[in-house]
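What follows is a short report on a single structure.
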Amino acid sequence: MSCLNVPMVDLRRQYLHLKAELDAAIHGVLDSTQFILGPEVEAFEREAADYLGTRYAVGCASGTDALMLALRGAGIGPGDEVVTTPFTFVATAEAIRYVGATPVFVDIDPDTFNLTAKAVEAALGPRTRAVIPVHLFGQPVEMEPLLDLAAARGLVVIEDCAQAFGAELHDRRVGSLGLAGAFSFFPSKNLGAYGDGGLVATSDEALYQRLRSLRNHGTTAPYTHGEIGYNSRLDALQAAVLRVKLRHVDEFNARRRAVAERYDAGLAGLPLTLPARRTGTHVFHQYTLLTDRREALRQALREAGVASAVYYPIPLHRQPAFAPLCGELRLPRAEAAAQRCLSLPIYPELAPETVDRICEVVRQVF
Ligand SMILES: Cc1ncc(COP(=O)(O)O)c(C=O)c1O
């Protein structure tokens, strides 16, 4: 088979597709010379809140900061425990440490890769104050039982939506279900900027006001600082890019789903565990399967010129940065997923014929 040359994500194709709109938006910001916060950022915040179904949205410097700001804004700090999943990007738990709280990791549902209310309930203790469900790979966490549990136990729910912009659960968008939703606009995300960026969505007025202050040095009035905050603002160039892409994000997500369905059909019947769609509308930030033959598959894909990736090879309770907090904790389902997971290329512009050829490479391994 000839070399396919398929990357995990192809941002250039998307830029060329939207070039006229994006270039005009970027030049508009250059002409305005309003680069940090300002009207472009405010317009994006309004449009994002409308799209997500929250009353407010606050732009910030990254998805990591969005999580940290949401936690701090909700009053989580030293001495508090925050329950989350170990099968996620490190930033989820880093943000918990930034505010001085302690992450408590619970095992995942191997079908969805996400944490469950049952596992969270078993991990609750006297110091538990919050839970961070991560809608991993774009698949919504089963939120209903988790929200019920949180309401019964007085826990704050902060959704990590970094990989799930536009995912829906029972006709509501993720990020609008908990007290706050934290989003990342890292360029490869479903809604990606051309640099770092993040956003907290919330319908809570007090949290909204505090987030606006915290992201900008704790400013409460010009040159008046009510508390120590951060320099974590969204810049106008990123907001302008995001406003353009927001208009297309439903179409991007629909195309991602179409790619996922084509993979499902092309890989059916092989001894692989394909991604489940147990909850809501999956937006396939990643197409991640489970296999006992990961190295052989990766090798065959590499030889055919197809990228693949392992998200994530080491669960957080086994990471050197977190292991000292976790003692002998064993989370067998997360550990097994880390051993067996493999993500295939997925992006809106990936052609059906290319997906078919990737499936053919996989089929030949079996
Ligand atoms: C699940 C998850 N949480 C948080 C983040 C952090 O986002 P950022 O890279 O914008 O800081 C990411 C992305 O990189 C992520 O995938």
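The values are calculated or read from the model by the stated rules, or taken from the named source; none is laboratory data. Since this is a predicted model, take the numbers as computed values, not measurements. Heads up, the Cβs are rebuilt from the backbone with ideal geometry, glycines too, and the neighbour counts pull from every protein chain shown.
What do you reckon, is Glu159 closer than 17 Å to Leu71 by Cβ, at pLDDT 95 or above and of a type in the set (D, E, K, R)? Spell out the reasoning first.
Working: closer than 17 Å to Leu71 by Cβ: yes; at pLDDT 95 or above: yes; of a type in the set (D, E, K, R): yes.
So Glu159 passes the test.
For region 87-100, which positions are over 14 Å from the mean Cα position of the chain (by Cα) and either within 11 Å of the ligand (Cβ to nearest atom) or of a type outside the set (Phe, Trp, Tyr) (or both)?
Applying the first criterion (over 14 Å from the mean Cα position of the chain (by Cα)) to region 87-100 yields 94, 96-100.
Within region 87-100, Glu94, Ile96, Arg97, Val99, Gly100 meet the criteria.
As an exercise: evaluate Glu159 against (1) surrounded by fewer than 23 Cβ atoms within 10 Å (Cβ to Cβ); (2) within 20 Å of the chain's Cα centre (by Cα); (3) not in a loop (DSSP other than H, G, I, E, B) and give the number of the one condition it does not meet.
Exception for Glu159: condition (1).
Inside region 52-61, can you point out the residues that are within 24 Å of His217 (Cα to Cα) and more than 16 Å from the ligand (Cβ to nearest atom)? Walk me through it before giving the result.
Just the residues of region 52-61 that are within 24 Å of His217 (Cα to Cα), to begin with: 55-61.
Residues satisfying the conditions are Arg55, Tyr56.
Looking only at region 199-236, which residues are part of a loop (DSSP other than H, G, I, E, B), in contact with a helix residue (DSSP H, G or I) (Cβ under 7 Å, 6 or more places away or on another chain) and farther than 15 Å from Gly73 by Cβ?
Leu234
Scan (1) within 30 Å of Phe113 (Cβ to Cβ); (2) within 16 Å of the ligand (Cβ to nearest atom); (3) among the hydroxyl-bearing types (Ser, Thr, Tyr) for the single condition Ser203 breaks and write down its number.
Status for Ser203: all satisfied but (2).
Check Leu179, Leu124 and return the single one that is under 27 Å from Ser62 (Cα atoms), away from the ligand (no atom under 16 Å from the Cβ) and at pLDDT 95 or above. Please lay out each step first, then the result.
Working: Leu124 fails: under 27 Å from Ser62 (Cα atoms).
Criteria check complete, one pass: Leu179.
Could you check region 25-69 and list, in sequence order, the residues that are basic (Lys, Arg) and out of contact with any helix residue (DSSP H, G or I) (no Cβ under 8 Å at 6 or more places or on another chain)?
Step one: list which residues in region 25-69 are basic (Lys, Arg), which gives 46, 55.
Passing the criteria: only Arg46.
Per-residue answers, yes or no, for (1) within 16 Å of the ligand (Cβ to nearest atom); (2) under 13 Å from Ala182 (Cα atoms); (3) in contact with a strand residue (DSSP E or B) (Cβ under 7 Å, 6 or more places away or on another chain); (4) of a type in the set (S, T, N, Q):
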site	(1), (2), (3), (4)
Leu30	no, no, no, no
Phe35	no, no, yes, no
Pro39	no, no, no, no
Ala43	no, no, no, no
Asp50	no, no, no, no
Gly63	yes, yes, yes, no
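Any residue in region 340-356 that is out of contact with any strand residue (DSSP E or B) (no Cβ under 6 Å at 6 or more places or on another chain) and more than 22 Å from Asn253 (Cα to Cα)?
Within region 340-356, none of the residues are out of contact with any strand residue (DSSP E or B) (no Cβ under 6 Å at 6 or more places or on another chain) and more than 22 Å from Asn253 (Cα to Cα).
What are the pairs, 6+ residues apart or on separate chains, where a residue within region 116-143 that is not assigned by TED's automatic domain parsing to the domain that holds Val283 has its Cβ under 9 Å from a residue that is surrounded by fewer than 16 Cβ atoms within 10 Å (Cβ to Cβ) and of a type in the set (Gly, Ala, Ser)?
Arg127/Gly79; Arg129/Gly75; Arg129/Gly77; Arg129/Gly79; Arg129/Gly154; Gln139/Ala276
Output the qualifying pairs, or none if there are none: Cβ atoms under 6 angstrom, residues six or more apart or on different chains, first residue in region 279-291 and of a type in the set (Gly, Ala, Ser), second residue modelled with pLDDT of 95 or more.
Gly280/Pro140; Gly280/Glu168; Gly280/Leu169
Would you check which residues across region 245-265 are part of a helix (DSSP H, G or I) and of a type in the set (D, E, K, R) and list them? Outline the logic, then answer.
Let us first name the residues in region 245-265 that are part of a helix (DSSP H, G or I), namely 245-246, 249-265.
Matches in region 245-265: Lys245, Asp250, Glu251, Arg255, Arg256, Arg257, Glu261, Arg262, Asp264.
Looking at region 66-80, I want the residues that are in contact (Cβ under 8 Å) with a residue 40 or more places away in the chain and within 12 Å of Tyr230 (Cα to Cα) and have a partner that is within 12 Å of the ligand (Cβ to nearest atom) and part of a loop (DSSP other than H, G, I, E, B) with Cβ atoms under 7 Å, at least 6 apart or on another chain. Which pairs are those?
Pairs that qualify, where the first residue is in contact (Cβ under 8 Å) with a residue 40 or more places away in the chain and within 12 Å of Tyr230 (Cα to Cα) and the partner is within 12 Å of the ligand (Cβ to nearest atom) and part of a loop (DSSP other than H, G, I, E, B), are Leu69/Ser232.
For region 278-295, what are the residues that are more than 16 Å from the ligand (Cβ to nearest atom) and either within 14 Å of Thr112 (Cβ to Cβ) or part of a strand (DSSP E or B) (or both)? Walk me through it before giving the result.
Taking region 278-295 first, the residues more than 16 Å from the ligand (Cβ to nearest atom) are 278-281, 289-295.
Correct list: Arg278, Thr279, Gly280, Thr281, Leu289, Leu290.
Could you pull out the residue among Arg233, Arg215 that is surrounded by fewer than 24 Cβ atoms within 10 Å (Cβ to Cβ), in the same structural domain as Ala57 (by TED's automatic domain parsing) and more than 12 Å from the ligand (Cβ to nearest atom)? I'd like the intermediate steps shown before the answer.
Values: Arg215 fails: surrounded by fewer than 24 Cβ atoms within 10 Å (Cβ to Cβ).
From the options Arg233, Arg215, the qualifying one is Arg233.
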